[in-house]
Amino acid sequence: MVELKDYASPVRPTWCPGCGNFGIWNALKKALAESGLAPHQVMLVSGIGCGSKLPDYTTANGFLTLHGRTLAVATGVRLANHGLKVICTHGDGDGYGEGGNHFVSAVRRNIGIVDIVQNNRVYGLTKGQYSPTSPQGFVTRTSPEGAIEQMLHPLAVALAAGGTFLSRGWSGDIEHLVWLMKEALQHRGYALVNVLQPCVSFNRMYSYDWLRPRVYKVQDEPGYDPSDRAAAFVKAQEWGERIPIGILYRTEDVPAYEEKVPALEAGPLVKQPLRTKTAQEYELLKQEYV
Ligand code: SF4
């Protein structure tokens, strides 16, 4: 039986006191333990940013890669060994900014990855520049007159790209976040868990007090059906006085990418015997150089 203490690492987080990353970290460890996943069965992949430090603070396998390349590396991991539960933990800058292309590609492929985006709507590690999810007019050191661009609605982008599991949680409700992560861990394809989290040092306007009265659970809305794509598209863009959290859209009818790759039918690549090239393949390789 897997227990929460199995994920306890002696490495202590360096996050600022009160950072929303603490809630996400605790929720993820609990979700993994309650899902019966042992640390050796899990690979956490992250990029660069405050949230991307999370794999350091657990005992699961971890891979910290370049800024924005989290999903690209996680895709490689999943294709090499789809017996592993592959989870990305990275911020909105890494996930939706530098990694924007990889985000859309991962959604389109429906690769079996749980993508936890720690969305504090600012670049915290580099001391407070505006990010793709910052609101228009957001004043930072690099946007003293306010951000000019419109903010990105990541769930709406993912839905337009064919997303099959689109959810939002927030770091002030751990119980709900644990439930959300456990549901995402059971999804057969790409599962987005976009987590709203305060950055208490560089995004003071987006605080616990600002978020708490605004978030509401879609599952409590009378008649809300998470399999209704059109309704989900409306909810994915709702922002302001009311912010929906929960599973906004889900379908299990679409096969995961790895289910469609012929080379993976015999099981994870790492468990398949090494294959040497056939004489015909050697001939083809030689032709490339003539
Ligand atoms: Fe958290 Fe912001 Fe501090 Fe980074 S800078 S650890 S996101 S509070």
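Assess whether Glu252 counts as being acidic (Asp, Glu), part of a loop (DSSP other than H, G, I, E, B) and either within 16 Å of the ligand (Cβ to nearest atom) or more than 22 Å from Ala161 (Cα to Cα) (or both). Explain how you work it out, then say what you get.
Details: acidic (Asp, Glu): yes; part of a loop (DSSP other than H, G, I, E, B): yes; either within 16 Å of the ligand (Cβ to nearest atom) or more than 22 Å from Ala161 (Cα to Cα) (or both): no.
It is false that Glu252 is acidic (Asp, Glu), part of a loop (DSSP other than H, G, I, E, B) and either within 16 Å of the ligand (Cβ to nearest atom) or more than 22 Å from Ala161 (Cα to Cα) (or both).
For the stretch 1-50, give me the residue count where each residue is in a helix (DSSP H, G or I), within 16 Å of the ligand (Cβ to nearest atom) and charged (D, E, K, R).
0
Name the pairs whose Cβ atoms lie under 9 Å apart, with the first residue in the stretch 92-103 and under 14 Å from Gln129 (Cα atoms), the second buried (at least 24 other Cβ atoms within 10 Å of the Cβ) and among the aromatic types (Phe, Trp, Tyr), and 6 or more positions between them or separate chains?
As it stands, the answer is Asp92/Tyr123; Gly93/Tyr123; Gly97/Tyr123, since those pairs meet every condition given.
Give the residues of the stretch 32-59 that are crowded, with 24+ Cβ neighbours inside 10 Å and small (Gly, Ala, Ser), sorted by residue number.
Correct list: Ser46, Gly47, Gly49, Gly51, Ser52.
Out of all the residues in the stretch 55-72, which are in contact (Cβ under 8 Å) with a residue 40 or more places away in the chain and either within 15 Å of the ligand (Cβ to nearest atom) or assigned to a strand (DSSP E or B) (or both)?
Selection gives Asp56, Tyr57.
Show me the strands (runs of 3 or more DSSP E) found entirely inside the stretch 114-222 where at least 2 residues are in contact (Cβ under 8 Å) with a residue 60 or more places away in the chain.
Hits in the stretch 114-222: 165-170, 191-196.
Quick note: the coordinates plus some simple rules give every number you see, no bench work behind them. The structure displayed is predicted, hence computed values, not measured ones. Glycine gets a Cβ as well: all are built from the backbone with ideal geometry, and neighbour counts include every protein chain shown.
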